[in-house]
Amino acid sequence: MFNLPQIEQIIKQSHWWQTAAVTLDNHYSNNSGIMLTDHLQQVYDNVETIFKQPETGFYGDLFNLLKQLNVDKEELKNELKVVALLHDIGKPVEDKKMVMPHPLTGKPAHKRHGLAGLMAAMEILAPSLDEIPEKRDRIYRTIELHDMSYGLFREYQATLIIPPHDRWTYINHKIHILPAAGIIYLLIFKLADVHGHENISDVIWFYHAVKSNYFNQLLIDLPMPTEADIR
């Protein structure tokens, strides 16, 4: 059984959360007084705000797409709330130069904060989610991949190459067995994870990139947000 209030309590009682509570949020200056837990909570609140949007315009089209893809709106919201509380929690132990066995696959992987967040999620959530493996894996992988689009955006800035359909398919299937559903998890989370981000060019790029090189090939109409939809 997925008990969201209980899971939130377990997260906030963890040593990972306590460390984040005394770690400055690097989206802001060192004298801001804004801690990493402030960021995590704000993104959590942003998830709630997104799913309360009137079903008109961009959000109406987005929520209709969830129905088309057979993605349960309430289930998605609750899973993304857990992702929000954990997505950056690995930042205090991030070491981009360190290569370690991936905790799920055993393959060599750099200890970026997404991977460290996955490690934290596995430690904190395993007892609560082991009996619901599909939900567990969606949460784990969304935490791990939540910042993937920013890395791809940086690659695009350097090369002007948009990842092809098969790469998006690979990313999608890491999160969800249904076509496009896994990318939807990342797309909606990207709307929430704008706290502390002055520039949201990577968010807009992500939507356009997956629309042109993934959704269009699946004959799925992905709605495009404006900055007003995101802010």
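Given a 1.4 Å probe, how much area per residue of the range 25-141 is accessible, in Å²?
On the way: 5570 Å² over 117 residues.
So the range 25-141 comes to 48 Å² accessible per residue, rounded to a whole number.
Can I get the semi-axes of the chain's equivalent ellipsoid? Compute them from the C-alpha gyration tensor as square roots of 5 times the eigenvalues, in angstrom, largest first. Walk me through the numbers before you get to the answer.
Details: eigenvalues 131, 82, 76 Å².
Each semi-axis is √(5λ); the values are 26, 20, 20 Å.
Applying 1/(1 + (r/R0)^6) with R0 = 22 Å to the Cβ-Cβ distance of residue 3 and residue 48, what FRET efficiency is obtained, to the nearest 0.05?
The calculated FRET efficiency here is 0.80.
Over all alpha-carbon pairs of the range 179-230, lay out the pair-distance distribution in 5 Å bins, whole %, shortest bin first.
The calculated distribution, bin by bin, is 4, 19, 34, 23, 13, 6, 1.
So if we plug the beta-carbon distance of residue 96 and residue 41 into 1/(1 + (r/R0)^6) with R0 = 22 Å, what FRET efficiency do we get, rounded to 0.05? Spell out each step's value before the answer.
Numbers: r = 26 Å, r/R0 = 1.17.
Once the sixth-power term is evaluated, E becomes 0.30.
May I ask for the net charge around residue 91, where only other residues with Cβ less than 12 Å from the Cβ of residue 91 are counted and Lys, Arg are +1 while Asp, Glu are -1?
Values: positive: 96, 111, 112; negative: 25, 88, 94, 95, 147.
Local charge sum for residue 91: -2.
Between 101, 180, 122, whose Cα lies farthest towards the positive end of the dipole of the chain when Lys and Arg beta carbons carry +1 and Asp and Glu beta carbons carry -1, centred on the Cα centre?
101
Treating only the Cβ of Lys, Arg, Asp and Glu as charged (+1, +1, -1, -1), what charge dipole size does the chain show about its Cα centre? Round to the nearest 20 debye. List each step's numbers first, then the result.
On the way: 22 positive and 29 negative charges, 105 e Å.
Its charge dipole is roughly 500 debye.
Around residue 147, what is the net charge, scoring Lys/Arg as +1 and Asp/Glu as -1 over all other residues with Cβ under 10 Å from its Cβ? List each step's numbers first, then the result.
Numbers: positive: 112, 190; negative: 88, 144, 193, 202.
Within the 10 Å Cβ shell, the charges total -2.
Add +1 for every Lys or Arg and -1 for every Asp or Glu among the other residues with Cβ under 15 Å from the Cβ of residue 101, and state the total.
Local net charge: +1.
Out of the total accessible area of the range 50-208 (probe 1.4 Å, heavy atoms of protein only), what percent is carbon and sulfur?
Working: 3750 of 7180 Å².
Carbon and sulfur atoms account for 52 percent of the accessible area of the range 50-208.
Accessible area per residue for the range 142-221 in Å², computed with a 1.4 Å probe and the full protein assembly in place, what is it? Write out the running numbers ahead of the final one.
Numbers: 3490 Å² over 80 residues.
Each residue of the range 142-221 exposes 44 Å² on average to a 1.4 Å probe.
Counting other Cβ atoms within 10 Å of each Cβ, which GluC sites (Glu not before Pro) in the range 128-178 have at most 13 and sit in a DSSP loop? Provide the component values of the computation, followed by the final result.
On the way: sites: 131, 134, 144, 155; in loops: 131.
Passing sites in the range 128-178 are 131.
Find how many whole Å separate the alpha carbon centroid of the range 6-73 from the alpha carbon centroid of the range 154-184.
22 Å
Among 52/190; 107/135; 52/81, which pairs are too far apart, with a Cα-Cα distance over 19 Å? All intermediate terms of the calculation are to be shown ahead of the outcome.
Values: 52/190 16 Å; 107/135 23 Å; 52/81 13 Å.
Among 52/190; 107/135; 52/81, the Cα-Cα distance tops 19 Å for 107/135.
The values are calculated or read from the model by the stated rules, or taken from the named source; none is laboratory data. Here the structure is a predicted model, which is why all the values come from computation and not from measurement. Methodologically, a virtual Cβ is constructed for each residue, glycine included, from the backbone with ideal geometry; neighbour enumeration extends over all protein chains shown. SASA here: full protein model, heavy atoms, side chains in, ligands and nucleic acids out. Shrake-Rupley method; radii C 1.70, N 1.55, O 1.52, S 1.80 Å.
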